Amino acid sequence: MSESEVLTNKEKSLEDIVLTRLMRLNAIVYGLVFGIIFGLVIFIATIWLVIKGGPVVGPNLALLNQFFIGYQVTWFGSIIGFAYGFITGFLIGFIIATIYNKIADIKEGRLDSS
């Protein structure tokens, strides 16, 4: 094997390592980002409707109470909604990142025995 072939193989190996590391997602960070975004969306939507006011405040958003026990379209409900939104978003983001990493492992042929 010539010296140029050895360097090419080393460069290819290094490139594979870098691409594999770049392809993987940090599940905790992904979960935190999704959680903060989901929580803020519910928080801001609730506050917006409370400030807007009216005889019936946010009947559609109030349906979240069916899934998020204790949630109401109120100032305090916006905090509860943020907490539920954060938990839901974190779980969704964590699951997406974990599944993505497993698929990346399968694609790279690196299946863990764990």
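Quick note: the coordinates plus some simple rules give every number you see, no bench work behind them. Note that the structure is predicted; figures quoted are calculated from it, not measured. We place every Cβ from the backbone using ideal geometry, glycine too, and count neighbours over all the protein chains shown.
Backbone geometry of the stretch 42-55 corresponds, through the Karplus equation with coefficients 6.51, -1.76 and 1.60 at θ = phi - 60°, to 3J(HN,Hα) couplings of 5, 4, 5, 4, 5, 4, 4, 5, 5, 5, 4, x, x, x Hz, x marking Gly and Pro. Check which residues have an amide H placed less than 5 Å from L25's amide H, if you skip close sequence neighbours. Residues meeting the criterion, in which the H sits 1.01 Å from N, are N101.
Computed extension gain for R24 through W48, at 0.36 nm per residue and net of the alpha carbon distance, reaches 4.9 nm. Relative protection proxy for 47-57, 67-77, from highest mean packing down: 67-77, 47-57 (other beta-carbon atoms within 10 angstrom). The gain in end-to-end length when the V56 to I87 segment is fully stretched comes to 8.4 nm, 0.36 nm per residue minus the alpha carbon separation.
Gain on full extension, evaluated as 0.36 nm per residue between F67 and I99 minus their Cα-Cα distance, stands at 9.0 nm.
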